[in-house]
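Inspection log for the structure reproduced underneath, given as structure tokens.
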Amino acid sequence: MNLQSDDFELFGVPRRFAQDRAQLDARWKELQREAHPDRFAAQGPAAQRAAMQWSVRINEAYQRLKDPLRRAAYLCELHGVPLRAEDNTAMPAQFLLQQMQWREALEEARSAAEVEALERSVQQAWQDTLARCAELLDQQQDWAAAAQEVRALMFLGRFAEDVERRREALGE
């Protein structure tokens with residue numbers, strides 16, 4: 001294992017968006033067994049500290065690789081296109097209009113059925129955006145366009161949380 005390896009190299013998987021979750025899970029368990037600090041107890045505190053660092057590194061990589069949003073963002077960054085989500089909020093006008101319509105619908109929602117309909121719409125948009133992101137990353141290798149889709153996913157994720165809070169406020 002090399003601390004300089006990217007997450008994909010560390011896990012021995014292709015550097016692409018599409019990943020087999022079961023393979024990631026199995027590899028994570030295998031890497032954790034190899035790096036577990038208890039395996040290095042006889043080698044002293046320095047070896048245990050190094051093993052602990054490896055364990056942390058493995059867990060961080062696993063968290064990034066198993067989450068589609070984080071994996072997509074990581075791929076963009078690896079290819080020189082950082083998301084800059086904190087200062088790059090420019091989105092297509094149609095996307096922003098949809099966001100405004102959803103926000104209005106959420107504010108006006110008075111029933112569980114209205115919130116559920118909105119939730120289904122957002123979930124469909126999430127799936128569609130994730131599919132576009134996968135296409136841009138794995139087939140077209142258009143990192144800049146993929147980064148914009150990742151930013152859209154971030155918007156959608158935050159809005160989905162708002163929808164869930166609204167559901168809870170309605171007592172559903």
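Throughout, read-outs are computed from the coordinates displayed, never taken from laboratory work. Bear in mind the structure is a predicted one, so any value in this text is a computation, not a measurement. Neighbour counts are summed over all protein chains in view; Cβ atoms, including those assigned to glycine, are modelled from backbone coordinates with ideal geometry.
According to a simple spin-label model (label point 7 Å from Cα along Cα-to-Cβ), what is the distance in nm between A144 and A105?
3.2
Quick check: Cα centre of the range 11-69 to Cα centre of the range 103-172, how many Å?
The range 11-69 and the range 103-172 have Cα centres spaced 31 Å from each other.
When the C-alpha atoms of the range 93-169 are aligned to their principal axes, what extent does each axis show, in angstrom, from largest down?
Principal extents (largest minus smallest coordinate, Cα): 43, 20, 15 Å.
Specify the angular offset, from 0 to 90 degrees and rounded to the nearest 10, of the alpha carbon long axis of helix 68-78 from the longest principal axis of the alpha carbons in the chain.
70
Would you work out the Kirkwood radius for the range 1-73? I mean one over the mean of 1/r across all pairs of different Cα atoms, in Å.
12.7
At most 15 other Cβ atoms within 10 Å and a DSSP loop assignment: could you name the trypsin sites (Lys or Arg not before Pro) in the range 83-155 that fit? Don't skip to the end; give the middle numbers.
Working: sites: R84, R103, R110, R120, R132, R151; in loops: R84, R110.
In loop regions of the range 83-155 (DSSP not H, G, I, E or B), the sparsely surrounded trypsin sites (Lys or Arg not before Pro) are R84, R110.
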